[in-house]
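Below is one structure, written out as structure tokens; comments come after it.
Each reported figure results from applying straightforward, stated rules to the coordinates on display, with no laboratory input. If you're wondering where the values come from, they're calculated on a predicted model, not measured in any experiment. Here the Cβ positions follow ideal geometry from the backbone for every residue, glycine too, while neighbour counts run over all protein chains shown.
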Ligand code: ADP
Ligand code: MG
């Protein structure tokens, strides 16, 4: 198996280290970080602290939002620099440009243990275009590259995929942990292993289902994914979140994995478009006027029994429309079961993590992935251009 080159044991004293991180915190219209942003920033602190304590000159590189290759005032990183200073309890100098003579001069002046944050990389059109000249200009600012932005490691951007090829490069502690955990799920999960897949669309989760199904003992479904499965297995779901196109390869998947696949047996629906008319019904009583918004309590209980026996559990996708009361109930109940089970539990996905964070249930998990799309890409076996340069060549026997 391939292993990542990690930061452990690397001499960074006096070196200028270009540390790619993800400070893409949600911001308000004035660019101020919204509450909850600390979680994302806290995830990168261990690598920064390690580099600082080892005497490196740390140059942080990040993106924020989608400025589209030009300067957008509300997407500057000055507030992020301030917030990082508070979290680290040490100054983080904000450099208000991505390149040019001033940036070089500011980096030249850095002392061992200093930390600086470059302006939003996506202000330069070269970042998202994976432009070699832009990556080269970034490389000229440092001696080493550390990649700790797992959430963009499926992107082929200059700072992610090109820069690590231009200098000696290593995985930071966050990337190391993410890869470790997800690799363990794929390669050697402790059994019984289960996957919980919900969320908006089967279409976006199909590749994930295909790689996970052979590796797990049970697949528990919810959300739009379950609705579409229910429709494909003959339930008359006609409205709400359900995909109506054919899915030719899903029938085969369904029949091959019937023993593993768990569909809801009761559901929380809105009948005839009236939200005050929310009710819990058995799946057998569904009519074409029902909009399925959540799994029901009987399903949650059945899922909990499976979870209680599991040793590994991976979850992506809310089991219902958690943003609207009371349709977060299925997600909440299942998260509680995971808290009480002794499975090694992993959760990821932008909306899933937001749902569980709002419910105060993230602590129920052994690992909360910082990669939404990146986690899915990794588990699907999709190319990871931001990790590829960090693998040591295969050792020959
Ligand atoms: P993630 O971002 O965690 O991968 P998705 O983006 O796939 O998750 O799906 C999350 C969205 O799916 C949420 O906005 C949630 O409201 C919605 N959702 C889940 N189940 C339902 C449902 N039964 N009806 C309507 N919306 C649902
Ligand atoms: Mg989402």
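Arranged by the count of other C-beta atoms within 10 angstrom, fewest first, what order do 196, 95 take?
Numbers: 196 28, 95 21.
In order of increasing Cβ crowding within 10 Å: 95, 196.
At a temperature of 20 °C and a viscosity of 1.002 mPa s, determine how fast segment 189-294 diffuses translationally according to Stokes-Einstein, using the Kirkwood radius over alpha-carbon pairs as Rh; express D in µm²/s, rounded to the nearest whole number. Intermediate values should be presented prior to the final figure.
Working: Rh = 14.2 Å.
The diffusion coefficient I find is 151 µm²/s.
Over segment 335-397, what is the relative contact order in percent, taking alpha-carbon pairs closer than 8 angstrom and at least six residues apart?
Details: 48 pairs, mean separation 19.7, N = 63.
It rounds to 31 percent for segment 335-397.
Taking neighbour Cβ counts within 10 Å as the exposure measure, how do 229, 150, 365 sort from fewest upward?
Numbers: 229 25, 150 29, 365 22.
By the 10 Å Cβ count, ascending, the order reads 365, 229, 150.
Per DSSP helix of 4 or more residues, -39500 (n - 2.57); summed, then divided by the residues of the chain. What does that give at 222 nm, rounded to the nearest 500? Write down the numbers at each step before the final one.
Details: 14 runs with 133 residues, N = 397.
Calculated at 222 nm, the ellipticity per residue is -9500 deg cm²/dmol.
Among 16, 184, 155, which one moves the most in a GNM of the chain with springs linking Cα atoms closer than 10 Å?
Ranking 16, 184, 155 by mean-square fluctuation puts 184 first.
Note the angle between two axes, namely the Cα long axis of helix 297-309 and the longest principal axis of the Cα atoms of the chain, as a number of degrees from 0 to 90, rounded to the nearest 10.
60
Need the full-extension length gain, residue 325 to residue 10, defined as separation in residues times 0.36 nm minus the C-alpha distance. One decimal, nm. Working shown, then result.
Numbers: separation 315, 0.36 × 315 = 113.40 nm, distance 5.04 nm.
That works out to 108.4 nm of additional length.
Quick one: compute the contact order of segment 189-380, relative version, from alpha carbon pairs under 8 angstrom and 6+ residues apart, as a percent. Intermediate results must be reported in sequence, preceding the final value.
Working: 397 pairs, mean separation 43.1, N = 192.
Relative contact order comes out at 22 percent.
Can you tell me the relative contact order of the chain? Whole percent, Cα pairs under 8 Å, sequence separation 6 or more. Mind dumping the intermediate values first?
Details: 832 pairs, mean separation 65.0, N = 397.
It comes to 16 percent, rounded to a whole number.
Put a dot 7 Å past each Cα toward the Cβ at residue 277 and residue 391; how far apart are the dots in nm?
About 5.5 nm separates the two model spin labels.
At 0.36 nm per residue, and after removing the present C-alpha to C-alpha distance, how many nm does the segment from residue 26 to residue 105 gain when stretched out fully?
Details: separation 79, 0.36 × 79 = 28.44 nm, distance 3.07 nm.
So the chain would gain 25.4 nm between residue 26 and residue 105.
In whole Å, how far is the Cα centre of segment 275-354 from that of segment 127-165?
Comparing the Cα centres of segment 275-354 and segment 127-165, I get a distance of 39 Å.
Put one equal scatterer on each alpha carbon of the chain, apply the Debye formula with no solvent term, and list log10 I(q)/I(0) at q = 0.14 1/Å to two decimals.
-1.16
GNM on the chain, C-alpha springs below 10 Å: top fluctuator among 83, 147, 321?
Checking each option, the largest mean-square fluctuation is seen for 83.
Order of 154, 262, 336 from fewest to most other C-beta atoms within 10 Å? Provide the component values of the computation, followed by the final result.
Numbers: 154 23, 262 19, 336 16.
Final ranking by Cβ density, sparse to dense: 336, 262, 154.
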